[in-house]
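First up is the structure itself, then whatever we jot down about it.
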């Protein structure tokens, strides 16, 4: 525990009711919303392998796959078996683990890739092809007719093997809407299991996402999966809004690792979803395992957990300003939409600083088993704020000031402190 | 530069047109949108001071205020002068700097605080009071009538001093809508400069934000300011959606530092806004100073820049997978919505890994001033992928493989390489 902080125990005021009263969960008017029935496609072992720092050995991949499975993700997506020889072997090895999560692999929309993928033992294949003008011109150079033909061939082949198949466009938000809807309608008709929307460059914003998903929902009958990059910081919000619009599955990775600065992070999405439907999230996912899972992956790719990470950032449940501390002590729901105990974590009040208030100090006085009146607490708080103006404080600084103040009350001429410590106490302390 | 990466120079393909073609900027149908006319209220020296790790000396505050001013923020918000004696002195000192940015201080909705605030020399005062049932019950214990009376008294007092005044509710998204609209209408009538919506607990999601801002916009004629905490990862998206709905000002802090895991980050919001209206953002804010500004604050509060930070995260412009690298080499806009050069930063292709493709390797071959055919590049790429299956690679590994491959082509019986290096070259190298 960092210096200058104190743990705050769970409070009886924190109850399910406090969260249920929040009118800002899923909107009951959104009949298409899957906010309370979403699924996770966990892509740390595919998108995450595209993170600059990632090199996963076979053993590490298996360790991560097992940890994801224990957390409760619905699908685990793996790097294409044609990326390299070892990628194919690792894919086969993970398929043989017998995990509860379904195993997917992610390939280009090519028969060459599909023929290899269906032999690995996966439960499903995710195919992707660029549909934006940018990608059609500078990546594969194909037109929409060619894309549709390839898609139909690959989908029918994969389905013939009794394996799930998803078709996704790439860079969907910079693709022509009519082209997109045409190809989604085509693949839906031949029985694709899911269609995917991908914000490959991280340009989408929530209202666009909502509109595109709602429109697509009116065109296809299969499930909709969404994949959001985080270049402009909207990957969590876009995922949430996609679910509101009728998408069913969200691609995530641990800490969001992926190309560039990554995609929707698993933990961040959990923070958003638990605020919307706590019961559903708690029923499906083992949130207490989140921190260990993040630490496992962070260590594997040699990064630190960001200081401001949702849920597991070191200060995610730390309250500092006086008015915040006061209200949190009375009822944590005043300044918390998430309950740290849902994640096996703890709340802190940071009272050793110049922004502190007398309510936080009074709480510390009580913890020290001392007794001061409210007026006395206000007085000692002023002393603490004065020192906090001069330098950074830690708990010991504050405790010394409180104890000295308390002891001074015991000398002759001062009112006796309520716990009855005598002038001798002061003497013993100062000598 | 980390190992295994290569810089990629700016490409002629990258042009303003490439961004302008993006149909997913501000929606022209949104007449109320301020996406192209927003302002920033920078709160590193107020909200940021409530970050667990923050202790800013007077000198550090002045250094940060000057850096924010040079960056071009519209307002700088400071801690309440009643928080502590030094807080008041620092506020006065910053007001005397003669910055272009307007200086604000942030106080409770009390006459006691207002009387001190107006004497500091600030250009404006931001007042806030909790309006949610939670805060009314567990924080100040006042009813809406009392809140309205206090607000009117404080606003009229501050206005009488010729100083800007903002009135904000706190925890707005868990407040009663009718209560909220009532009080905003009241303060608008008496001439408040701005009203504020605050997602104090970080519970709001984008569509709620849009609806509340649109509704409020129909009730008040003054500007609307928004403040979003990031507990559920939506602070950037909520800010953007608020601007779409007609809000004009967004509260930000450097790296988002603030209570718990903070608020909308300055850099993250810049990434979102430049994708929407590059000309406006470049005309107002000195984006080349972003990295230094973030480093200044990160050092002051002893945190690291998160690995996945928008724009300045170490891998924000690093491309890895083979198909990404290929397209980026042809035209960076294929996989980038942001141009690193706008921020004085550089793009990298990570080619030293098993996911690499022959286009990235061919680019490296060219950089090494060697000459290989496409077929030869594919062959050497396979060698690189094989080694990449076994361990993490760095640039030297890849360069050695390429150079050895190239040299082997020069031995008798192999076709002569195009650059005409002779068998002697090989000999010299191996001896």
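When you scan the range B:211-222, do you find a residue that is buried (at least 24 other Cβ atoms within 10 Å of the Cβ), closer than 17 Å to residue A:233 by Cβ and assigned by the TED database to the domain that holds residue B:170, even just one?
Looking for residues that are buried (at least 24 other Cβ atoms within 10 Å of the Cβ), closer than 17 Å to residue A:233 by Cβ and assigned by the TED database to the domain that holds residue B:170, one finds none in the range B:211-222, hence no.
So is residue B:204 within 14 Å of another protein chain (Cβ to nearest Cβ) and part of a helix (DSSP H, G or I) or not? Walk me through it before giving the result.
Values: within 14 Å of another protein chain (Cβ to nearest Cβ): yes; part of a helix (DSSP H, G or I): no.
So residue B:204 does not fit the description; no.
Taking the criterion of being buried (at least 17 other Cβ atoms within 10 Å of the Cβ) and within 26 Å of residue A:47 (Cβ to Cβ), would at least one residue in the range B:275-286 satisfy it?
Yes, the range B:275-286 contains at least one residue that is buried (at least 17 other Cβ atoms within 10 Å of the Cβ) and within 26 Å of residue A:47 (Cβ to Cβ).
Could you grab me the full set of residues in the range B:98-118 that are part of a loop (DSSP other than H, G, I, E, B) and touching a residue at least 12 places away in the same chain (Cβ under 8 Å)? Full working, then the answer.
First, the residues of the range B:98-118 that are part of a loop (DSSP other than H, G, I, E, B): B:98-101, B:109-110, B:118.
Matches in the range B:98-118: B:99, B:100, B:101, B:109, B:110, B:118.
Among the residues of the range A:297-310, write down those that are in a loop (DSSP other than H, G, I, E, B), more than 8 Å from every other protein chain (Cβ to nearest Cβ) and on the phi < 0 side of the Ramachandran plot.
To start, the set of residues in the range A:297-310 that are in a loop (DSSP other than H, G, I, E, B) comprises A:301-310.
If we keep only those that are more than 8 Å from every other protein chain (Cβ to nearest Cβ) too, we end up with A:301-302, A:305.
Those that are in a loop (DSSP other than H, G, I, E, B), more than 8 Å from every other protein chain (Cβ to nearest Cβ) and on the phi < 0 side of the Ramachandran plot: A:301, A:305.
Restricting attention to the range B:394-403, does a residue exist that is in a loop (DSSP other than H, G, I, E, B), more than 34 Å from the chain's Cα centre (by Cα) and at pLDDT 85 or above?
Here is the first cut: in the range B:394-403, the residues in a loop (DSSP other than H, G, I, E, B) are B:394.
If we keep only those that are more than 34 Å from the chain's Cα centre (by Cα) too, we end up with none.
No, every residue in the range B:394-403 fails to be in a loop (DSSP other than H, G, I, E, B), more than 34 Å from the chain's Cα centre (by Cα) and at pLDDT 85 or above.
Which of the numbered conditions does residue A:299 fail, given that it passes all the others? Conditions: (1) free of Cβ contacts under 8 Å to residues at least 12 places away in the same chain; (2) touching a helix residue (DSSP H, G or I) at 6+ places or on another chain (Cβ under 8 Å).
(2)
Out of all the residues in the range B:127-142, is one or more farther than 19 Å from residue B:258 by Cβ, under 30 Å from the mean Cα position of the chain (by Cα) and either modelled with pLDDT of 95 or more or surrounded by fewer than 20 Cβ atoms within 10 Å (Cβ to Cβ) (or both)?
no
What are the pairs with Cβ atoms under 9 angstrom where one residue, in the range B:122-150, is more than 19 Å from residue B:203 (Cβ to Cβ) and the other, located anywhere, is part of a strand (DSSP E or B) and modelled with pLDDT under 80? Sequence gap at least six, or different chains.
none
For residue B:292, which of the numbered conditions (1) part of a helix (DSSP H, G or I); (2) outside the structural domain of residue B:47 (by the TED database); (3) under 21 Å from residue B:72 (Cα atoms) fails to hold?
(2)
Taking the stated definitions as given, is residue A:158 at pLDDT 95 or above, assigned to a helix (DSSP H, G or I) and surrounded by 24 or more Cβ atoms within 10 Å (Cβ to Cβ)? Walk me through how you get there before you give the answer.
Working: at pLDDT 95 or above: yes; assigned to a helix (DSSP H, G or I): yes; surrounded by 24 or more Cβ atoms within 10 Å (Cβ to Cβ): yes.
So residue A:158 fits the description; yes.
Take residue A:250 and decide whether it is under 19 Å from residue A:44 (Cβ atoms), facing chain B (nearest Cβ under 9 Å) and touching a residue at least 12 places away in the same chain (Cβ under 8 Å).
It is false that residue A:250 is under 19 Å from residue A:44 (Cβ atoms), facing chain B (nearest Cβ under 9 Å) and touching a residue at least 12 places away in the same chain (Cβ under 8 Å).
Please go through the range B:163-174 and pick out each residue that is surrounded by 22 or more Cβ atoms within 10 Å (Cβ to Cβ) and either more than 28 Å from the chain's Cα centre (by Cα) or at positive phi (or both). Give the derivation first.
Step one: of the range B:163-174, the residues surrounded by 22 or more Cβ atoms within 10 Å (Cβ to Cβ) are B:165-174.
Correct list: B:171 only.
Every residue in the range A:331-355 that is in a loop (DSSP other than H, G, I, E, B), at the interface with chain B (Cβ under 10 Å from one of its Cβ atoms) and in contact with a strand residue (DSSP E or B) (Cβ under 7 Å, 6 or more places away or on another chain), please.
A:335
Please work out if residue B:165 is closer than 25 Å to residue B:74 by Cα and touching a residue at least 40 places away in the same chain (Cβ under 8 Å).
On the way: closer than 25 Å to residue B:74 by Cα: yes; touching a residue at least 40 places away in the same chain (Cβ under 8 Å): yes.
Spelling it out, residue B:165 is indeed closer than 25 Å to residue B:74 by Cα and touching a residue at least 40 places away in the same chain (Cβ under 8 Å).
Here are the criteria: (1) touching a residue at least 60 places away in the same chain (Cβ under 8 Å); (2) within 22 Å of residue A:261 (Cβ to Cβ); (3) touching a helix residue (DSSP H, G or I) at 6+ places or on another chain (Cβ under 7 Å). Tell me which single one residue A:214 does not satisfy.
Going through (1) touching a residue at least 60 places away in the same chain (Cβ under 8 Å); (2) within 22 Å of residue A:261 (Cβ to Cβ); (3) touching a helix residue (DSSP H, G or I) at 6+ places or on another chain (Cβ under 7 Å) one by one, residue A:214 breaks only (2).
Identify the residue in the range B:237-247 that is under 17 Å from residue A:232 (Cα atoms) and touching a residue at least 60 places away in the same chain (Cβ under 8 Å) and, among all such residues, is farthest from the other protein chains (Cβ to nearest Cβ). Lay out the reasoning, then the answer.
Within the range B:237-247, the first condition is being under 17 Å from residue A:232 (Cα atoms), and the residues that meet it are B:237-244.
Restricting the remaining residues to those that are touching a residue at least 60 places away in the same chain (Cβ under 8 Å) gives B:240, B:243-244.
On the way: B:240: 6, B:243: 10, B:244: 6 Å.
Going through the qualifying residues, I end up with B:243.
When the range B:311-330 is examined, which residues are found to be surrounded by fewer than 23 Cβ atoms within 10 Å (Cβ to Cβ), in a loop (DSSP other than H, G, I, E, B) and at the interface with chain A (Cβ under 7 Å from one of its Cβ atoms)?
Within the range B:311-330, B:313 is the sole residue that qualifies.
Which one of these does residue A:95 not meet: (1) surrounded by fewer than 24 Cβ atoms within 10 Å (Cβ to Cβ); (2) in contact with a helix residue (DSSP H, G or I) (Cβ under 9 Å, 6 or more places away or on another chain); (3) more than 23 Å from residue A:248 (Cβ to Cβ); (4) in contact (Cβ under 8 Å) with a residue 12 or more places away in the chain?
(2)
Mind counting the residues in the range A:253-286 that are more than 14 Å from chain B (Cβ to nearest Cβ) and part of a helix (DSSP H, G or I)?
Step one: of the range A:253-286, the residues more than 14 Å from chain B (Cβ to nearest Cβ) are A:279-280, A:282-286.
Now drop any that are not part of a helix (DSSP H, G or I), which leaves A:279-280, A:282-284.
Of the residues in the range A:253-286, 5 are more than 14 Å from chain B (Cβ to nearest Cβ) and part of a helix (DSSP H, G or I).
Which residues, taken from the range B:48-74, are within 17 Å of residue B:229 (Cα to Cα) and more than 9 Å from chain A (Cβ to nearest Cβ)?
B:48
Within the range A:356-391, take every residue that is within 11 Å of chain B (Cβ to nearest Cβ) and under 30 Å from residue B:175 (Cα atoms) and give me the one that is surrounded by the most Cβ atoms within 10 Å (Cβ to Cβ).
Let us first name the residues in the range A:356-391 that are within 11 Å of chain B (Cβ to nearest Cβ), namely A:356-357, A:359, A:381-382, A:384-391.
Next cut, under 30 Å from residue B:175 (Cα atoms) only: A:356-357, A:359.
Details: A:356: 26, A:357: 20, A:359: 23.
Within the range A:356-391, the match that is surrounded by the most Cβ atoms within 10 Å (Cβ to Cβ) is A:356.
The values are calculated or read from the model by the stated rules, or taken from the named source; none is laboratory data. Since this is a predicted model, take the numbers as computed values, not measurements. A quick note on method: Cβ atoms are made from the backbone with ideal geometry, for glycine too, and the neighbour counts reach across all protein chains shown.
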